[in-house]
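Report on the structure given below.
Just so you know, all these numbers are worked out from the coordinates, no wet-lab data involved. Not measured: the values here are computed from a predicted model. Backbone-built Cβ (ideal geometry, glycine too); neighbour counts: all protein chains shown.
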Amino acid sequence: MGTLPSLDFYTILVILHLIGMSFGVVGASVSDMLFFKAIKDGIIDKQEFGIFQFFGRLIWVGLSIAIVSGIGFLVWYIAQDITVAGSDVEKIENPKIWAKVTIVAIITLNGLVLHRKILPLLRDSVGKPLVKTGITRHLTLVLTSGAVSITSWWSAFIIGAWSGLNFSLSSWAILVLYAVIVCSTIGVANVIGRRHLLRSHRNNKT
């Protein structure tokens, strides 16, 4: 029976990055679905808020792993002077890398908004009708931040995994497409979220 081959530094980075991105995608997706469920119900209970907190922490853990491993990739490409097979073009020049770096920066800023503004709003709303809480006054911010979160995490994940984007589009082209998707998602989230909240309010009054 042969011995297992040792893991090289690059493979370790790939594994860590996939774990970090997966944590973020799952955390953002579950959090958004749970919030829309709460809006439909018109209330957030303690158990739901506990789940929000758990997945919020999962997102931060995932983001930390993704950033550290991402920096590791950049350092590795520069230090090893790695080029694309069959050319003299260095991998560090790949436009999709810098588009993804920009999106991860947006995820980080949006995460600060979620942690410092939205999570306290959810905490203060536990057990109360949402229409009578600060959630209603800040609904646009809450829905917009949630839309940015889920769209950005999925975009970063897909961009990283999609090898067909390597050197095929400029970073600006990728970011413009990303911006269009984000704006569309924000619009849809705000329309659906407000409809759900109004419907739940009417149902609770009857």
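Taking each residue as 0.36 nm, the span from residue 124 to residue 177 lengthens on full extension beyond its C-alpha to C-alpha distance by 15.4 nm. If R0 is 22 Å, the Cβ-Cβ spacing of residue 101 and residue 12 corresponds to a FRET efficiency of close to 0.65.
If contacts are Cα pairs under 8 angstrom and at least 6 residues apart, what is the relative contact order of the stretch 9-205 in percent? Averaging sequence separation for qualifying contacts and normalising by length gives 31 percent for the stretch 9-205.
What number do you get for the stretch 113-183 when its Cα radius of gyration is normalised by 2.2 N^0.38 Å, N = residues?
Taking N as the residue count of the stretch 113-183, the ratio is 1.51.
Here the simple spin-label model places points 7 Å from the Cα toward Cβ, and for residue 40 and residue 109 these points are separated by 3.3 nm.
Among the chymotrypsin sites (Phe, Trp or Tyr not before Pro) in the stretch 1-81, none sits in a DSSP loop with a Cβ that has at most 11 other Cβ atoms within 10 Å.
What does the charge dipole of the stretch 9-205 about its Cα centre add up to, to the nearest 20 debye, if the Cβ of each Lys and Arg holds +1 and the Cβ of each Asp and Glu holds -1?
Details: 18 positive and 9 negative charges, 276 e Å.
The dipole of the stretch 9-205 has a size of about 1320 debye.
Backbone phi angles across the stretch 135-147, fed through the Karplus curve with coefficients 6.51, -1.76 and 1.60 (θ = phi - 60°), yield HN-Hα couplings of 4, 4, 5, 10, 4, 4, 4, 4, 5, 5, 5, x, 5 Hz in residue order; Gly and Pro are listed as x.
Axis angle, to the nearest 10 degrees, between helix 95-113 and the longest C-alpha principal axis of the chain: 30 degrees. Applied to the stretch 172-181, the Karplus parametrisation 6.51 cos²θ - 1.76 cosθ + 1.60 on θ = phi - 60° returns per-residue 3J(HN,Hα) values of 5, 5, 5, 5, 5, 4, 4, 5, 4, 5 Hz, with x for Gly and Pro. By other beta-carbon atoms within 10 Å, ranking 169, 112 with the fewest at the front produces 112, 169. Karplus-derived 3J(HN,Hα) values for the stretch 43-53, using 6.51 cos²θ - 1.76 cosθ + 1.60 with θ = phi - 60°, are 7, 10, 8, 4, 5, 5, 5, x, 5, 3, 4 Hz; glycine and proline are entered as x.
Ranked by the mean number of other Cβ atoms within 10 Å of their residues, highest first, the peptides 96-105, 37-46 fall in the order 96-105, 37-46.
Where (i) 162; (ii) 144; (iii) 134 are the candidate values, the label of the one calculated here for volume of the Cα convex hull per residue in Å³ is (ii).
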